[in-house]
Amino acid sequence: MKSKPWQLSRWKKTRKGFLKGKCCEWCGSEEKLVVHHPQARYSLSDEQYESLEGAIPLCRRCHLALHKGYVLCEVCRKNHRRKDREMCWSCFRKSLPPEKAWELEYHPYQHPWCGKTFKIKGEDWLEDAAPHMCCLNHCDLDAFSCEAAKKHWEETDET
């Protein structure tokens, strides 16, 4: 059985030499570098693959992002974004007015009856941070099975 070029010791030596002193072309990291061939592997002969013609150094994180269809965010040069977006999610949130960013994030809510902490999205806060609604929308227990909720539901029914 024929070995694949990237399994051969000469390839490992060539790769090591190619990556020496280089950094990721996308993010600038010098950690965990790999060789990326822009051409599809199946379109290259073993000789072309080993020649590193057109190859670029990428860190593992950027290499994985590239193969998942993402590109480096030009705004922060740290995170990745979908190709159809102008910036990554982190930069997008930072670009919003504070009140809009708050609506998109999840915030901890400690339920006053049982003490459990739930994560409620900012835009749902006004409704779901009310104890009764939190029970209905977020608790994994049925509101009528939870002793803490049952007591409070009954108090509300009597008024």
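Charged side chains reduced to their Cβ positions (Lys and Arg at +1, Asp and Glu at -1) give region 98-158 a dipole of some 260 debye around its Cα centre. The fewest-to-most ranking of Val35, Val75 by surrounding Cβ atoms within 10 Å reads Val75, Val35. Ranked by how many other Cβ atoms sit within 10 Å of their own Cβ, fewest first, the residues Thr14, Thr117 fall in the order Thr117, Thr14.
A short reminder: the numbers here are calculations on the coordinates, not readings from a lab. Only a predicted model underlies this, so the values are computations on that prediction, with no experimental measurement involved. For neighbour counting, all protein chains shown are included, and Cβ atoms are generated from backbone atoms with ideal geometry for every residue, glycine included.
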